[in-house]
Amino acid sequence: MEFSNLVFSEYTRFNVSDVEDYNVKGTFDPNAACDTEYFGYRETTFRVSSAEGKDSIGWWPMSEEEIHFLLRHNEDKITLIVQNEIDKQNGEYDV
């Protein structure tokens, strides 16, 4: 699975590939045997294949070093953006 032009901010967008999403929904049963059963579990892996930044002139491709910096400091936010896109594709996104 691949996604293109995911918006991180007004000045940053990115593309991902090799998306794998393992999602076990919780039961929300107050008598659940464990937290995983109650809350569920989700693990999403992906590779940021490219990213672009924007300045006053327009969009420019980020270098590998810039992409690694973006990931290192924003991994949770980027993962949530990818998970939301997966949910949209599956008709499960509700805002």
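A short reminder: the numbers here are calculations on the coordinates, not readings from a lab. Only a predicted model underlies this, so the values are computations on that prediction, with no experimental measurement involved.
For the reader, a short list of remarks on this structure follows.
- Cα centroid separation, the range 1-20 to the range 54-95 (Å): 5
- Helical mean residue ellipticity (222 nm; -39500 (n - 2.57) per DSSP H run of 4+; nearest 500) of the chain: -11000 deg cm²/dmol
- Relative contact order of the chain, defined on C-alpha pairs under 8 angstrom at six or more residues apart (%): 24
- Over the chain - Rg/Rh using Cα atoms and the Kirkwood inverse-distance radius: 1.08
- Across the range 50-58, coupling constants 3J(HN,Hα) worked out from phi with the 6.51/-1.76/1.60 Karplus curve, θ = phi - 60°, read 6, 8, 10, x, 10, 10, 5, 8, x Hz, and Gly and Pro carry x.
- Counting only alpha carbon atoms, the long axis of helix 64-89 and the longest principal axis of the chain meet at about 50°.
- Gly40 long-range amide H proximity, modeled H, under 5 Å: Gly26, Thr27
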